[in-house]
Amino acid sequence: MLDIELIRKDPERAKRALSKKDPSLEDLIEQILELDKDRRALVSQSQELRAKRNSLSKIASNDLSAREQVLALKSELEKLESELSKLEPRLRKLLLSVPNVPASSVPYGKSEEDNLELRRYKEPPRFDFEPKPHWEIGVSLGIFDFERASKVSGSRFVYLTGLGARLERALINFMLDLNIQKGYKEVLPPHLVKPEILEGTGQLPKFEEELYSCERDNLYLIPTAEVPLTALYMDETLDEKDLPIALTAYTPCYRREAGSYGKDIRGLIRQHQFSKVEIVKITTPETSYEELENITKDAESILQALEIPYRVVALSTGDLGFSSAKTYDIELWLPSQGRYREVSSCSNCEDFQARRLRIKIKNHKTRFAHTLNGSALAVGRTLCAILENFQQKDGSVIIPKALQPYFGLERLS
RNA sequence: GGCGAGGUGCCGGAGUGGUCGAACGGGGCGGUCUCGAAAAUCGCUGUGGGUCUUUGUGGCUCACCGGGGGUUCGAAUCCCUCCCUCGCCGCCA
């Protein structure tokens, strides 16, 4: 959530910044300004009445006429208050649907076409045979079972079996251990959260269709561990000397993938449920951009340890997520697709989420924290990359050295 | 799921209709004392909003004692409802 104070003070600047993300947002700002004006007028009026009422009440114990005056004030007040109670949720909802403003260092652009490649690690491998897509490798190795998954749960689900399940588990442990070594505190968070939490991190109110909900209990399945990790310190004021707070968690992620019907229908790339190891940092405004570089490097170091080719791109203004002020995506190489695919997204949300979640920090003065999050890493896609990049002519797959202690075998065959 | 107890400021804990933004204690911050520290002692110490502004760690004002609603001239205090925490019983990985 943006600070309404800033919108009020310099609406044109807010519009200019937001229209880099989405030009249609200018109207939204206009509406917000309008409602905010109305709201303040109503608040002032009702406050005046209340002040009058309070002073009359003080003498009312032995003054019957004061009592009558108060009754008159009361009906006026009720009118104002009912107007306010209609207006305030509307204003709030509008404000909650305004995305974060891009940082000035974010490259301008309309879509992912305009993302800026920053660096690459390792050449894509060359094969002296036709490399297979991961789903073919996995099925023939007997470690993926898509058919039975669709019988049981429908499309975009998979059973990992035998060494497939073990490989996934090895990756999770490997990633968590690396993160822990770097100072992240391991957390195992709840996988079901309240709507207000998703509102806090920015998934709601705009992206309801993306979420699985348990209506009876008014809870949602998390689409990423970012949600419960970032919300861990909701409604708290943290001491600045305890910053940065660095958290890591493995969780499954649940996404409905509405609106991506045709995309990535085969394989593990786009599933309704996937494993991810996430990192989150809570910092001061002064250090958050430095920390964005840090979490990106931390995520990259996992791919380096696994020897998987990747590149890092800076998202353009038009491709930035709702809550993010600046994002680096890490994309790994998939030989069967001949292109890079996202495996991590590292974002600085500045105080956008902290304001929604009321996470404050304090040394002399109190202010909102900055929050960052990054995947380190998406496990399923990493698993795909291992199968595809390290596949052999005979259909076996070499396991990267660093992972072997976790997996227990040098080769998958 | 059933019954019982309870939710008050940074913490503990009073307060059962007006003078309560809230006693008292602890903590924190500042002063005195001290070579210094401790002890003692004095003072200060919530958040959010509106408005004014000679923009000052400013004035005035409103709201907030788990959330929402109600009674009343007036609610932390009474009533309804929801949520949460703790205890016991039941069920259960």
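The table below lists the values:
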{"quantity": "Positions within segment A:70-106 being of a type in the set (Asp, Glu), within 11 Å of RNA strand B (Cβ to nearest atom) and in contact (Cβ under 8 Å) with a residue 40 or more places away in the chain, in sequence order", "calculated": "A:88"}
{"quantity": "Condition check for residue A:103: open to solvent by less than 90 Å² (accessible area, probe 1.4 Å) and out of contact with any strand residue (DSSP E or B) (no Cβ under 9 Å at 6 or more places or on another chain)", "calculated": "no"}
{"quantity": "Selection count, segment A:1-42, where residues are among the hydrophobic types (A, V, I, L, M, F, W, C), open to solvent by 40 Å² or more (accessible area, probe 1.4 Å) and within 8 Å of RNA strand B (Cβ to nearest atom)", "calculated": "1"}
{"quantity": "Extreme residue, farthest from residue A:240 (Cα to Cα), among residues of segment A:368-398 that are part of a loop (DSSP other than H, G, I, E, B) and open to solvent by less than 10 Å² (accessible area, probe 1.4 Å)", "calculated": "A:396"}
{"quantity": "Filter result for residue A:63 (among the acidic types (Asp, Glu) and either within 36 Å of the chain's Cα centre (by Cα) or near RNA strand B (Cβ under 8 Å from one of its atoms) (or both))", "calculated": "no"}
{"quantity": "Filter result (in contact with a Gly (Cβ under 7 Å, 6 or more places away or on another chain), open to solvent by 20 Å² or more (accessible area, probe 1.4 Å) and assigned to a loop (DSSP other than H, G, I, E, B)) within segment A:292-322", "calculated": "A:322"}
{"quantity": "Candidate set: segment A:254-271, residues that are outside any strand (DSSP E or B) and surrounded by 18 or more Cβ atoms within 10 Å (Cβ to Cβ); chosen: the one farthest from the chain's Cα centre (by Cα)", "calculated": "A:267"}
{"quantity": "Selection count, segment A:333-346, where residues are in a strand (DSSP E or B) and either open to solvent by 10 Å² or more (accessible area, probe 1.4 Å) or not assigned by TED's automatic domain parsing to the domain that holds residue A:307 (or both)", "calculated": "6"}
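The values are calculated or read from the model by the stated rules, or taken from the named source; none is laboratory data. Model, not experiment: these values are computed from the prediction. Virtual Cβ from ideal backbone geometry, glycine too; neighbours counted across all protein chains shown. Protein only, heavy atoms only, side chains kept; ligands, DNA and RNA dropped before computing areas. Shrake-Rupley method; radii C 1.70, N 1.55, O 1.52, S 1.80 Å.
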